[in-house]
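Visitor: First, the structure itself, so that you have it in front of you.
The values are calculated or read from the model by the stated rules, or taken from the named source; none is laboratory data. In this text, all values refer to a predicted model and were calculated from it rather than measured experimentally. Here the Cβ is made from the backbone with ideal geometry for all residues, glycine too, and neighbour counts use every protein chain on show. Calculation scope for accessible area: heavy atoms of the full protein, side chains included, ligands and nucleic acids excluded. Shrake-Rupley method; radii C 1.70, N 1.55, O 1.52, S 1.80 Å.
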Amino acid sequence: MEQVKQPNRIESLFLGLQHVLAMYSGGVLVPLMIGAALQFSATQMAVLISADIFMTGIGTLLQLKQTRFTGIGLPVVIGSAIQTVTPLVNIGSTLGIGAMYGATIGAGIFVFLIAGIFAKLRRFFPPVVTGSLITVIGFALVPVAIQNIGGGDPTAANFGSLADLSIALVTIVTIVLLNIYAKGFMKAIAVLLGIIVGTIFAAFLGHVSMDAVMDASWFHLPKPFYMGTPTFHASAIITMSVVALTSLIESTGVYFALADLTGDDLTEKDLTRGYRSEGLAVMLSGIFSTFPYSTFSQNVGVVRLSGVKSKRPIYFAAVMLMIIGLLPKFGALATTIPTSALGGAMLVLFGTIGIQGITILHQVDFDQDRNLMIAALSIGAGIGITVYPQIFQKLPDLIRLVIENAVVVTSILAVFLNIVIPGRKQEEGA
């Protein structure tokens, strides 16, 4: 394994903050969307977001610390999985809020129990598969970055305003200049500094409001079953278990991307521990009335750009997330960052992840027609479904929940083609 340079505590603090800001908007988006759809009160929303951020820190710690049974042991950050929004809203609106959390707990147990079985798929992920998967993980998220650059809401009258575009541009230019010309620690925190400079520029334009900070409370302690006692319905649990499988596939891609960066050789046991930790985090999210978690890909981009592969900054990030969860005023402070500034940073991060996938594909012999077909079809399908997910709208709901996810389609296609196209055994032997 590659020797990883350890940053000092002050450096780790700022590097950890960079990871927090990279994932924060995605972390609070899920409770905001579900709460709005199910008409939660303002008080309930505030409590849910605080609990969600706190449990994100707990879940990240579960992944960082490798034990006999849990922990991937890589610089992983987790957060609420966006693919859970639609099924959770459907369950909550038809079977009740308790069923929504009962299904989440059931899905967490399911993930924990199948972790060892799912990890056995490791041998079906050679570089042509992992490279294709990581490429799509990055590039499939670029439209999200572009949407945020425009202000976040494409239906808004001011979407793509000159102010939002200029804020994003300032953020991107700052990150690019620091990456090219800065040295050492300043280069490592380029994304953080880019977001800060973009926010300051937005403040001069009058696009930063402190109202959310003023309105937020000072302290909140997460409570089990805050939203009520979970109820368990087979149909809801099956639905969320299927969705949980899509999260596991995404997490697998992130694990391989981080392992490629850190020089770790992921074993079946490593993956099993990572999946178990994710299952535990999902169970805890149901118990504390938050929402299912998955590994966040944008933090891979932070590791890649900063060049810091140590887990120490992620430990700081996890503690910061827990503190933010306990102190809603500090959590609200992060929400003052303009969406367009975050979008600018996301464009750099997601593009970087996509390029990392291409770097892995560079190891692949594309003179072999089988490799060319695997990469071409899986990446092409993944990017295409990102643009037109409604192509599957006529399929049954349970199937559609899975294959409307570009990363899942890429994984299934790449693994399937790697198995069925002749030549795999010979290539593995070589």
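Visitor: So how strong a dipole does the chain carry about its Cα centre when Lys and Arg Cβ are +1 and Asp and Glu Cβ are -1, to the nearest 20 debye? Kindly include the intermediate steps, with their values, before the conclusion.
Guide: Working: 23 positive and 21 negative charges, 172 e Å.
Value, rounded to 20: 820 debye.
Visitor: Same structure again: Can you tell me the order of 306-314, 154-162 when each peptide is scored by its average per-residue count of other Cβ atoms within 10 angstrom, highest first?
Guide: Values: 306-314: 21.1, 154-162: 10.4.
Output ranking for 306-314, 154-162: 306-314, 154-162.
Visitor: Quickly estimate the mean residue ellipticity at 222 nm for the chain, helices only: each DSSP H run with n ≥ 4 gives -39500 (n - 2.57), and the total goes over all residues, rounded to 500.
Guide: The per-residue figure over the chain is -23000 deg cm²/dmol.
Visitor: Does segment 57-194 classify as rounded, prolate or oblate by the C-alpha gyration tensor (a ≥ b ≥ c root eigenvalues; a/c under 1.5 gives rounded; else a/b over b/c gives prolate, otherwise oblate)?
Guide: On the way: a/c = 2.12, a/b = 1.31, b/c = 1.62.
It comes out oblate by the Cα gyration axes.
Visitor: State the percentage of accessible surface on segment 1-159 attributable to carbon and sulfur atoms; use a 1.4 Å probe and exclude ligands, DNA and RNA.
Guide: Details: 4190 of 6420 Å².
Carbon plus sulfur share of accessible area: 65 percent.
Visitor: Kindly report the accessible area of segment 194-260 per residue (heavy atoms of protein chains, probe 1.4 Å, no ligands, DNA or RNA), in Å². Display every interim value, and only then the final one.
Guide: On the way: 3380 Å² over 67 residues.
Accessible area per residue: 50 Å².
Visitor: Here's something else I'd like to know. For the peptides 116-125, 143-152, 57-66, 342-351, what is the packing order when you average, over each peptide's residues, the other Cβ atoms within 10 Å and list the highest mean first? Can you show the working numbers first?
Guide: Numbers: 116-125: 14.8, 143-152: 19.4, 57-66: 22.8, 342-351: 25.0.
Output ranking for 116-125, 143-152, 57-66, 342-351: 342-351, 57-66, 143-152, 116-125.
Visitor: Would you mind telling me the share, in percent, of accessible area of segment 217-353 contributed by carbon and sulfur at probe 1.4 angstrom?
Guide: Working: 3040 of 4550 Å².
Within segment 217-353, the accessible surface is 67 percent carbon and sulfur.
Visitor: Indicate the helices, whole DSSP H runs only, in the chain that combine a mean Kyte-Doolittle hydropathy of -0.5 or more with a Cα extent along their long axis of 15 angstrom or more.
Guide: Those that pass (Cα extent of 15 Å or more, hydropathy at least -0.5) are 9-37, 42-64, 97-119, 127-139, 162-181, 190-204, 234-262, 268-287, 312-326, 339-361, 369-387, 406-420.
Visitor: Show M100, M320 ordered by accessible area, largest first, where the area counts protein heavy atoms only and the probe is 1.4 Å.
Guide: Values: M100 0, M320 35 Å².
From most accessible down to least: M320, M100.
Visitor: Oh, and also: Working out 0.36 nm times the residue gap between I117 and I421, then minus their Cα-Cα distance, what length gain in nm do you get to one decimal? Please report the intermediate quantities before stating the final value.
Guide: Numbers: separation 304, 0.36 × 304 = 109.44 nm, distance 2.39 nm.
Full-extension gain reported as 107.1 nm.
Visitor: Where a ≥ b ≥ c are the square roots of the eigenvalues of the C-alpha gyration tensor, would you call the chain rounded, which needs a/c under 1.5, or, failing that, prolate if a/b is larger than b/c, or oblate? Each step should come with its number before you reach the end.
Guide: Values: a/c = 1.42, a/b = 1.13, b/c = 1.26.
Taking the square roots of the gyration eigenvalues as a ≥ b ≥ c, the chain is rounded.
Visitor: Taking H as built 1.01 Å from N, whose amide H comes closer than 5 Å to the amide H of S289, not counting residues under 5 places away?
Guide: Close amide H contacts, sequence-distant or interchain: F225, Y226.
Visitor: Can I ask one more? With each pseudo-label sitting 7 Å past Cα toward Cβ, what's the S217-L333 distance in nm, one decimal?
Guide: Once both label points are built, they end up 2.0 nm from each other.
Visitor: Another one. Using 7 Å Cα-to-Cβ label points, what is the Y181/L169 separation (nm, one decimal)?
Guide: Simple spin-label model gives 1.8 nm for this pair.
Visitor: For segment 359-417, report the accessible area per residue in Å² (1.4 Å probe, heavy atoms, rounded to an integer).
Guide: Numbers: 3340 Å² over 59 residues.
It amounts to 57 Å² per residue over segment 359-417.
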